[in-house]
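S.K.: So that we are looking at the same thing, I have put the structure below in structure tokens.
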Amino acid sequence: MSQTDPRESTGTPHSGEGGVHSGGNRGAFFLSGGTETTTPVAEGLGLLVSLQEIDREVLALRVLKDELPAKIAAVRDRLDQAEAEQAAARGALDQMGRDHRDREAKLEETKAHIGRLKNRTGEIKTNTAYFAHLKEIESAEKQRTAVEDEILGLMEKIEGAEKELSAHDAKVTEEIAGFEGRRRELEVEYAHVDGEVEEKTKAREKLAGSLDPVLLSRYEIIRVQMRGTAVVPARNATCAGCRMRLPPQLFNQVREGRSIIDCPHCHRILYWNPSA
Ligand SMILES: [Zn+2]
């Protein structure tokens with residue numbers, strides 16, 4: 001094996017010296033924007049840049065896909081509101097039903113009371129007791145009338161509340177249809193994402209398979225540490241990742257493309273793209 005583990009050649013990746021590693025030589029690869037002096041290391045770096053581009057695209061697609069549940073929830077809002085109003089209307093109607101049954105029971109009780117009073121009329125002996133008895137019946141009759149009025153009022157309210165509930169039911173049905181339609185539209189809009197992720201993942205696997213495994217694993221480690229960008233161009237003797245100046249000798253080594261060079265500041269892998 002002619003390849004050297006980059007970690008062995010520079011100690012830790014964070015040596016602060018600008019690590020110089022021997023790159024993998026895996027044959028001739030095409031480097032976009034390459035020069036006539038392209039080296040195998042530069043070719044490997046070119047593949048790594050392509051890999052990074054695919055990784056960025058996949059990440060962007062995943063971020064896009066993650067938005068879908070929130071978008072569906074947002075279009076559900078109107079349906080949720082209609083359902084809440086429907087539940088409130090049903091609750092109010094149920095309460096009126098309970099009040100109605102309660103008043104009906106009260107009416108039966110009052111009627112029975114009047115009946116009992118009237119049955120006792122024949123047993124009354126004195127005028128004074130008789131007048132008191134009539135007053136009691138009169139009072140019970142008044143109560144019965146009051147309860148009957150209450151029942152009539154409640155029945156009217158119930159009729160109105162039933163109409164209101166029907167309107168809420170219709171509104172919910174309409175919102176369900178609207179929501180389903182909007183959800184299907186969104187799902188169609190996002191349907192391409194899974195396919196694209198799958199396609200790009202396959203392309204990535206192919207590309208990763210053609211890369212020097214040591215370089216690939218180095219890339220993966222830095223990608224995690226640097227949250228995405230592991231390979232950056234060196235422009236005007238500056239690291240495009242952290243914007244820090246590179247020592248002239250190190251910059252020259254990047255341009256030569258004979259070894260894998262880390263930025264001494266952020267430890268990203270540097271490459272030279274003359275057309276950038
Ligand atoms: Zn840097």
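Each reported figure results from applying straightforward, stated rules to the coordinates on display, with no laboratory input. Every value quoted in this text rests on a predicted model; they were computed, and no experiment measured them. Cβ placement follows ideal geometry from the backbone for every residue including glycine, while neighbour counts extend to all protein chains displayed.
S.K.: How long is the gain from Ala167 to Glu138 if the chain were fully straight, where each residue apart is worth 0.36 nm and the alpha carbon distance is subtracted?
M.R.: Details: separation 29, 0.36 × 29 = 10.44 nm, distance 4.40 nm.
Full-extension gain reported as 6.0 nm.
S.K.: Sort Tyr219, Tyr130 so the one with the fewest other Cβ atoms within 10 Å of its own Cβ comes first.
M.R.: Details: Tyr219 24, Tyr130 12.
Ordered from fewest to most neighbouring Cβ atoms within 10 Å, Tyr219, Tyr130 come out as Tyr130, Tyr219.
S.K.: In sequence order, what are the phi-derived ³J(HN,Hα) couplings for segment 40-55 according to the Karplus relation 6.51 cos²θ - 1.76 cosθ + 1.60 with θ = phi - 60°, rounded to whole Hz, with x for glycine and proline?
M.R.: For segment 40-55, the Karplus-derived couplings read x, 5, 4, 5, x, 5, x, 5, 5, 5, 5, 4, 4, 5, 5, 4 Hz, x marking Gly and Pro.
S.K.: Another question, if that's okay. Quick one: of the DSSP bridges fully inside the chain, what percent are antiparallel, nearest 5? Please report the intermediate quantities before stating the final value.
M.R.: Values: 8 of 11 bridges.
In the chain, DSSP labels about 75 percent of beta bridges as antiparallel.
S.K.: Residues of segment 115-157 with backbone nitrogen within less than 12 Å of a virtual label 7 Å along the Cα-to-Cβ line of Lys106, please, listed as ranges.
M.R.: Counting only backbone N, you get 143-154.
S.K.: Among Ser166, Ser50, rank each residue by its count of other Cβ atoms within 10 Å, from fewest to most, as a rough exposure measure.
M.R.: Numbers: Ser166 11, Ser50 19.
Ranked by crowding around the Cβ, least crowded first: Ser166, Ser50.
S.K.: Just to confirm a number: summing +1 for Lys and Arg and -1 for Asp and Glu over residues other than Ala82 whose beta-carbon lies under 12 angstrom from that of Ala82, what do you get? Intermediate results must be reported in sequence, preceding the final value.
M.R.: Numbers: positive: Arg76, Arg78, Lys171; negative: Asp77, Asp80, Glu83, Glu85, Asp169, Glu174, Glu175.
That works out to -4.
S.K.: Projecting each Cα onto the charge dipole of the chain (Lys/Arg +1, Asp/Glu -1 at the beta carbon, about the Cα centre), which of His192, Cys239, Val49 comes out farthest on the positive side?
M.R.: The residue sitting most towards the positive pole is Cys239.
S.K.: Using the alpha-carbon centroid of each, what span in Å lies between segment 74-138 and segment 192-269?
M.R.: Segment 74-138 and segment 192-269 have Cα centres spaced 82 Å from each other.
S.K.: Under a crude label model (7 Å from the Cα following the beta-carbon direction), how far is Ile176 from Gln95 in nanometres?
M.R.: For Ile176 paired with Gln95, the spin-label model returns 2.6 nm.
S.K.: Past 31 Å, Cα to Cα: identify those pairs from Lys71/Lys202; Lys135/Lys157; Lys106/Lys135; Lys65/Lys163; Lys71/Lys200; Lys111/Lys157, in the order given. Don't jump to the answer; show the numbers that get you there.
M.R.: Numbers: Lys71/Lys202 28 Å; Lys135/Lys157 33 Å; Lys106/Lys135 20 Å; Lys65/Lys163 43 Å; Lys71/Lys200 25 Å; Lys111/Lys157 24 Å.
Table pairs above 31 Å Cα-Cα are Lys135/Lys157; Lys65/Lys163.
S.K.: Calculate, for Gln249 and Arg184, the FRET efficiency according to 1/(1 + (r/R0)^6) with r their C-beta to C-beta distance and R0 45 Å; round to the nearest 0.05. Walk me through the numbers before you get to the answer.
M.R.: Details: r = 61 Å, r/R0 = 1.36.
FRET efficiency, Gln249 to Arg184: 0.15.
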